[in-house]
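Visitor: Please see the structure below; I have some questions.
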Amino acid sequence: MKNVELLAPCGNFSKLKCALYFGADAAYIGGKDFSLRSFADNFTREEIAQAVELAHSLGKKLYVTANVFARNADMPLLEDYFEFLQNSGVDAAIISDSGVFAAAKKSAPKLDIHISTQANLTNKYAVKFWKEQGATRVVLARELSLFEIEEIHSFVPEIELEAFVHGAMCISYSGRCLLSNYLTGRESNRGECVQACRWKYAISKFDDSSGGAMQMQQDERGTYILNSKDLNMSAHLEKLANAGVCSFKIEGRMKSEYYLATVINAYRRCIDGGYSQVVERELLTAAHRDYTTAYAFGNNEKTVNYDDSQTKGDCDYIGNVLGCDGGLVTLEMRTRFKCGDVLEVLSPTDNFLKSFTLEEAYLSTGERVDDCKLVQEHYKIKCPYALDAGDLIRRRKAL
């Protein structure tokens, strides 16, 4: 596929480097304010400027989210923020609120604006409206079918269309949820969502004098009645491109570096070489919920993950490769591993999926060990492959 963008979520600078290394064409990040992922590490202003420099040095783009539903007190701060983003060379700001849009156009007229999925763009007339206001791209609502997306593209061909292709789905309409507000006082539409939809629920037996709670069930499938499946459109990217989507967006600014590397790597290979069993299997290696294509092909009643909150992936994330010298790989450890383990390489290079049995391991002090159990220790391990800094090591779980 040509002229499509693979867009990665990055919750901190380490994840940004990871996403760009594994093949993302662009990344979206959040600052310390005005982003809908307040619990991610996020980026200071200095880090945003550094992130722009890094992305542009690699010929890639950086977008910054400012998609909160703003209050009156936010507006003066937002105007200053957008002026900073424009001066920093950010490629676009992602906005959902019309008042915030107006503030951005006023204070940063040269800054491109993408309309967030939070704006609930479900029809061609709304997309045309935002184009006429000066938006350069819209992030389509996840409730749309391929047919509807194609209609929008035909009606407003001059605006870029971005669509989510992978990751967690919100049970509410286009992410507009108040469950977190009601249950915890944390405002989901101002970046503080606690994902209460993933919780396990019980219903009180008010008619029972003994009190307590009765387990809530639905068709004997469990209690996770608000827990959506994860989106996975990897097998249908060409259909999305043909419908007019130019940017394939991955969800997950709160996800781990390993998750990000796995998913970006899989979608990069899918875009460049087509869907395959390798891609299909790869997307099972990181933690995920059951997969769904959501509403891409019309109404879908099978989008809820009743069984559990999340399925563990097929692999354990062992660590990050920091360098390689003389047949020894320096590895920053994440999960305990031992000599005798069969380890596997996750890489954007030809070393992808190569495996080896670990024979030798050394502490950073040079002491040889058989059991590597010190978290974030920089172990040196014997490896038959010349790995690159940025590669990851994992271990397949026993079936």
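The values are calculated or read from the model by the stated rules, or taken from the named source; none is laboratory data. Values in this document were obtained by computation on a predicted structure and should not be read as measured data. Note: ideal-geometry Cβ built from the backbone for every residue, glycine included; neighbour counts use all protein chains shown. Please note that ligands, DNA and RNA were not included when accessible areas were found on the heavy atoms of the full protein model with its side chains. Shrake-Rupley method; radii C 1.70, N 1.55, O 1.52, S 1.80 Å.
Visitor: If amide hydrogens are placed 1.01 Å from N in the peptide plane, which non-local residues have theirs closer than 5 Å to the one on Lys338?
Guide: Hits under the 5 Å cutoff: Cys372.
Visitor: Further question on the same structure: Determine the calculated [θ] at 222 nm for the chain from helices alone, applying -39500 (n - 2.57) to every DSSP H run no shorter than 4 residues and normalising by the residue count; nearest 500 deg cm²/dmol.
Guide: -7500 deg cm²/dmol
Visitor: Straight-line reach from Lys110: which aspartates and glutamates have Cα under 12 Å away, leaving out those fewer than 8 places along the same chain?
Guide: Filter leaves Glu83, Asp91.
Visitor: Once amide H atoms are built 1.01 Å from N in the peptide plane, which residues 5 or more positions from Ala27, or in another chain, come under 5 Å H to H?
Guide: Ala8, Lys61, Leu62, Tyr63
Visitor: So which aspartates and glutamates pass the test for Lys302, namely a Cα distance under 17 Å, with those fewer than 8 places away in the same chain ruled out?
Guide: Glu143, Asp219, Glu220, Asp230, Asp290
Visitor: What distance in nm separates the simple spin-label points at Lys302 and Gln50, each placed 7 Å from Cα in the Cβ direction?
Guide: Calculated label separation equals 4.7 nm.
Visitor: What full-extension length gain, to one decimal in nm, is calculated for Leu58 and Lys312 as 0.36 nm per residue of separation minus the Cα-Cα distance?
Guide: 88.1 nm
Visitor: Can you tell me the accessible area per residue over the chain, all protein chains present, probe 1.4 angstrom, in square angstrom?
Guide: Ligands and nucleic acids excluded, the result is 46 Å² per residue.
Visitor: Can you tell me what share of the DSSP beta bridges in the chain is antiparallel? A percent to the nearest 5 is fine.
Guide: 55 percent
Visitor: For the cross-link pairs Lys255/Lys397; Lys354/Lys380; Lys15/Lys131, which exceed 28 Å when the distance is taken from alpha carbon to alpha carbon?
Guide: From the list (Lys255/Lys397; Lys354/Lys380; Lys15/Lys131), the Cα-Cα distance tops 28 Å for Lys15/Lys131.
Visitor: List the chymotrypsin sites (Phe, Trp or Tyr not before Pro) within segment 244-346 that DSSP assigns to loop and that have no more than 14 neighbouring Cβ atoms inside 10 Å.
Guide: Phe297
Visitor: On to the next question. List the GluC sites (Glu not before Pro) within segment 345-385 that fall in a DSSP loop (any state other than H, G, I, E or B) and whose Cβ has at most 10 other Cβ atoms within 10 Å.
Guide: Loop-located and lightly packed - Glu367.
Visitor: Where does the Debye-calculated log10 I(q)/I(0) of segment 312-399 sit at q = 0.14 Å⁻¹, using only Cα point scatterers of equal weight, no solvent?
Guide: Taking Cα atoms of segment 312-399 as identical point scatterers yields -0.40.
Visitor: Could you give each residue of segment 121-128 its phi-based ³J(HN,Hα) in whole Hz, using Karplus coefficients 6.51, -1.76, 1.60 with θ = phi - 60°, and x for Gly or Pro?
Guide: Values, residue by residue: 7, 10, 8, 5, 6, 5, 5, 4 Hz.
Visitor: Here's something else I'd like to know. Given a cut-off of 31 Å, name the pairs among Lys60/Lys338; Lys17/Lys200; Lys32/Lys61; Lys32/Lys382 whose C-alpha atoms lie farther apart than that in the structure shown.
Guide: Those over the limit are Lys60/Lys338; Lys17/Lys200; Lys32/Lys382.
Visitor: Continuing with the same structure: So how do Cys246, Cys170 rank on accessible area, 1.4 Å probe, biggest first, that is with the largest at the start?
Guide: Output order, biggest surface exposure first: Cys170, Cys246.
Visitor: Next up: Using the beta-carbon distance between Glu158 and Met1 and R0 = 22 Å, what value does 1/(1 + (r/R0)^6) give for FRET efficiency, to the nearest 0.05?
Guide: In this case the efficiency is close to 0.60.
Visitor: Return an integer: the convex hull volume of the alpha-carbon atoms of the chain, in Å³ per residue.
Guide: 176 Å³
Visitor: Taking all protein chains in place and a 1.4 Å probe, what share, in percent, of the accessible surface of the chain do carbon and sulfur account for?
Guide: 48 percent
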